[in-house]
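Here the structure comes first, spelled out in structure tokens, and everything after it is commentary.
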Amino acid sequence: NRNAALILLSASLIAFGVVPALAADRGDAAARNYVQVSAREFYFGLSKTKVKPGITTFELVNYGEDDHDLAVRRKGSSSVKHLADVKPGERGRLTTRLRSDTYVLWCTTSEHRERGMKASLKVRR
């Protein structure tokens, strides 16, 4: 049955996280970005340092020995988006809409930010 096949395909796409790409293909005006943030003591590495404005998914991958989290804030703003602690060897995701500007990312755990767990992301058209 064609409907059953479409339902199965849709469920598979959702399970594997392909739906945002399909939404963009339908003419969605907002960019869909993915940035992997590698966390180690005491370092954040970004898979990209520039993205387009729009919906952005950050995936924090903890390669370290401590729990790490992720805070994201547009420079000059007081609003912070936050991903809770991610255990060593695990991953966590935070999805938010970013406007054109520069964003700072950091780990809020203890003194991790002061010890180097921070990064900068430019959002430009």
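Here, each number is a calculation from the coordinates, and none is a lab measurement. The structure presented is a predicted model; accordingly, all values stated were derived computationally and were not measured. Neighbour counts are summed over all protein chains in view; Cβ atoms, including those assigned to glycine, are modelled from backbone coordinates with ideal geometry.
What ranking do 117-124, 95-102 get when scored by the average of other Cβ atoms within 10 Å per residue, highest first?
Working: 117-124: 17.2, 95-102: 13.5.
The peptides rank, most packed first, as 117-124, 95-102.
Can you list the lysines whose alpha carbon sits under 23 Å from that of LYS50, skipping same-chain ones fewer than 8 residues off? Cα-Cα hits under 23 Å: LYS75, LYS81, LYS118, LYS122.
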